[in-house]
Ligand code: PMP
């Protein structure tokens, strides 16, 4: 049964890829594009058989790093640009401005290049260097700032907003954290696509969705789309060290100032995980419907990434590794026989200078696996 399900999934994956090359107009999720931008969305869904075997559940993953820009942020960038265009805010020569840990910036920079817009990206200096290099290759202007709290005017989002205000009507601040275009990209695109792929490929409804949050857009869009289809579906948030979201789900509030002063809360930038973790509630995150949350330590994410490379030959980034640890925990909560689904956010190729760099990992006080783990005993 497992073998035929795997074969069905592979066939589905290839048929999706084939149909993609014929498509010129109208994706689900509002992508009415031709040419390169039409490649955005409709990514394959695969089974991670090593994790299925280890958990006695079916662990499925949407391979969002096969979007042309290498992340699901392609969907969000396209949707934000399309909505700004429809609203008449963008013209040739306009400047698209965004505060981003990198992925959204790369997606925007590529689309801006093709559409004749300038692109200005503000990002913190603690992200893998390859992201800033890529942004510059795509022709974006890049402003790098020191990591700061959202209350600080030098936080990358505040700087981006200020730069847009300086430019006035020439510029549009995309604001991925607060705009519902982000939510819509996942509510109309990623969520329904995944649901249909699970149903068509495996003949079963998904039981759980597992995801970390950077803006909260994926979690919100997918959780809403799925719970409308099946209220009983369980949604698990995965939160890295230093982020406030786990605390919010468990206790109803983010960390308080008093907790921060007592050192209960670490700084969100203490984690090696990039693109995830929040120190505030964004409009996108507020829309998410979450049943349970897990805190995942960086060491487990490092071990999981090395395990997956050994077991599946897949080379994934830090937030993906966190999601996969979350899948195993969700499988343990639900018990054998359930279908647990997550997103593979980006490839390890975006992380060679940090998460996949032995010196950086050891410098963060973590252990670099001398030989890759062959089982999941490294998990708590
Ligand atoms: N992984 C990576 C690599 C990201 O860049 C992001 C978004 N910043 C996420 C995961 C989280 O996605 P979302 O913004 O939808 O919460």
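The values are calculated or read from the model by the stated rules, or taken from the named source; none is laboratory data. Because the structure is predicted, anything quoted here is derived from the model rather than measured. Quick reminder, even Gly has a Cβ in these numbers, built from the backbone with ideal geometry, and neighbours come from all protein chains shown.
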Hey, among 307, 285, which residue is surrounded by 20 or more Cβ atoms within 10 Å (Cβ to Cβ), more than 12 Å from the ligand (Cβ to nearest atom) and either in contact (Cβ under 8 Å) with a residue 12 or more places away in the chain or closer than 30 Å to residue 175 by Cβ (or both)? 307
Among the residues of segment 310-327, write down those that are in contact with a helix residue (DSSP H, G or I) (Cβ under 6 Å, 6 or more places away or on another chain), part of a helix (DSSP H, G or I) and surrounded by fewer than 22 Cβ atoms within 10 Å (Cβ to Cβ). 311, 312
Checking the condition closer than 15 Å to residue 217 by Cβ and away from the ligand (no atom under 16 Å from the Cβ), which residue from 83, 64 passes? 83
Looking for something assigned to a helix (DSSP H, G or I), touching a strand residue (DSSP E or B) at 6+ places or on another chain (Cβ under 8 Å) and more than 23 Å from residue 155 (Cβ to Cβ) - is there at least one such residue anywhere in segment 68-85? yes
Cβ-Cβ under 8 Å pairs, at least 6 apart or on other chains, segment 342-361 side under 30 Å from residue 197 (Cα atoms) and assigned to a loop (DSSP other than H, G, I, E, B), far side at pLDDT below 95 and within 12 Å of the ligand (Cβ to nearest atom): 345/103; 345/275; 346/103; 346/275
Sole miss for residue 119 among (1) within 16 Å of the ligand (Cβ to nearest atom); (2) outside any helix (DSSP H, G or I) is condition (1)
When residues of segment 173-213 are filtered for being within 14 Å of the ligand (Cβ to nearest atom), in contact with a helix residue (DSSP H, G or I) (Cβ under 7 Å, 6 or more places away or on another chain) and in a loop (DSSP other than H, G, I, E, B), how many remain? 6
Within segment 227-250, restricting attention to residues that are more than 15 Å from the ligand (Cβ to nearest atom) and in contact with a strand residue (DSSP E or B) (Cβ under 8 Å, 6 or more places away or on another chain), which residue is farthest from residue 331 (Cα to Cα)? 241
Scanning segment 95-110 for residues that are more than 11 Å from the ligand (Cβ to nearest atom) and in a helix (DSSP H, G or I) gives 108, 109, 110
With 53, 113 as the choices, which residue is more than 13 Å from residue 37 (Cα to Cα), out of contact with any helix residue (DSSP H, G or I) (no Cβ under 8 Å at 6 or more places or on another chain) and either in a loop (DSSP other than H, G, I, E, B) or free of Cβ contacts under 8 Å to residues at least 60 places away in the same chain (or both)? 53
Do we find a residue being in contact with a helix residue (DSSP H, G or I) (Cβ under 8 Å, 6 or more places away or on another chain), modelled with pLDDT under 95 and part of a helix (DSSP H, G or I) anywhere in segment 232-241? no
